[in-house]
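Participant: Sharing a structure, written as structure tokens. Questions coming.
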Amino acid sequence: MMTWEHAGDHMASRSALLKLISNDPTGDALVEALARGPMSIYHPLAVAIYAPTPDRSALTRRGSFGFIPSTRHESVPVTWDYPLTRAFLTGEAVVVKMGEIDDRYPLMVGWAKYVRHGEASNSDATILGLPLVYAGTAVAACTIVCAYPDPWSWFDYAFMEGICAAMALWQRIDDLKNSIPVEVSVHARSRPLGLSERQQRVLQLLAEGKSNSSIARSLGFSLSTVKAEVQIILELLESKSRTEAVTRAARVGLLRTDNVPGSDSDISMSVVESSES
């Protein structure tokens, strides 16, 4: 078991794991680093991390090290009684000796054949199911097969809890990263191509066929202000005319279409090109 003699070295390796997480590693890279670093004292033979589907009905593999690829274990329904799924559902670590698997987890009979290292069939090998918890919610789960015959102590559980917290952070970062494109898209739509709110309003009225003077009256601006804003819009949209600017804006979805009847060509035809009006 881990002792205070090991604590310094493994605190350092855990810090290295956190640094790796900050560099946005793949799931495979993360679990390999886990096996070769903080977990090395437990002689890990295989490690895999699984994340829940949106409806949390199954766990899908996000990263794997030491396991033989198997379509059977790409996605695991949470109704399958595995140490992995039990840990995810209960939020508690599950530790099982390989020799006890057949009796305690019948669905896992013959499971050792999916581990590359032959020691997995040893009855003294241990299978771990570990929940990865963030803000009180299981965001993923990890399964580890290790050639570690000793009984687990409170120190071992405490150490693994810290490792799991780091891996849960990785999963949470990945979840947020996947949601960023949508948020960026919404933000870009609110300030497209650097257009100010005033310029967006002017652009919309241009698309509705309004003249400069009509836009000035509608928005309460001076005619010179509207002309200046139109010129900036042309530059930002890299257009030589108002019609071209509106057409480009429509094609990339920068215009509301509820007040603009017709197709892109209809929009272009409605634009008043005269900068004097």
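Participant: How long is the gain from residue 154 to residue 107 if the chain were fully straight, where each residue apart is worth 0.36 nm and the alpha carbon distance is subtracted?
Facilitator: Here the segment from residue 154 to residue 107 would lengthen by 14.0 nm.
Participant: Given labels modelled 7 Å from the Cα in the Cβ direction, how far is it in nm from residue 116 to residue 218?
Facilitator: Between residue 116 and residue 218, the simple spin-label model gives 6.4 nm.
Participant: Less than 26 Å apart at the alpha-carbon level, and either on another chain or at least 8 residues along: which lysines does that give for residue 177?
Facilitator: In chain and number order, the partners are 19.
Participant: Additional query: Which of the trypsin sites (Lys or Arg not before Pro) found in segment 97-170 are in a DSSP loop and have at most 16 neighbouring Cβ atoms, other than their own, within 10 Å?
Facilitator: Here the trypsin sites (Lys or Arg not before Pro) that fit, given the DSSP loop and packing criteria, are 116.
Participant: Full-extension gain between residue 22 and residue 176, please, as 0.36 nm times their residue separation minus the C-alpha to C-alpha distance.
Facilitator: 54.1 nm
Participant: Of the listed peptides 47-53, 169-175, what is their order by residue-averaged count of other C-beta atoms within 10 Å, with the highest listed first?
Facilitator: 47-53, 169-175
Participant: Once phi is turned into ³J(HN,Hα) by the Karplus curve 6.51 cos²θ - 1.76 cosθ + 1.60 with θ = phi - 60°, what whole-Hz value does each residue of segment 152-160 show in order, with x for glycine and proline?
Facilitator: 7, 9, 4, 5, 4, 5, 5, 5, 5
Participant: May I pose another question? Note down the nm distance, to one decimal, between modelled labels 7 Å out along Cα→Cβ at residue 201 and at residue 244.
Facilitator: If labels sit at residue 201 and residue 244, their model points lie 2.8 nm apart.
Participant: What do you get for GluC sites (Glu not before Pro) in segment 215-253 restricted to DSSP loop and a cutoff of at most 15 other Cβ within 10 Å of the site's Cβ?
Facilitator: Passing both the DSSP loop test and the Cβ count: 238.
Participant: Something else: Applying the Karplus parametrisation 6.51 cos²θ - 1.76 cosθ + 1.60 with θ = phi - 60° to the phi angles of segment 28-34, what ³J(HN,Hα) value in whole Hz is obtained for each residue in order, glycine and proline being reported as x?
Facilitator: For segment 28-34, the Karplus curve yields 4, 5, 5, 6, 5, 4, 4 Hz.
None of the figures in this text is laboratory data; all of them are computed from the coordinates on show. For clarity, every value in this text was computed on a predicted model and none was experimentally measured. Cβ: placed from backbone, ideal geometry, glycine included. Neighbour counts: every protein chain shown.
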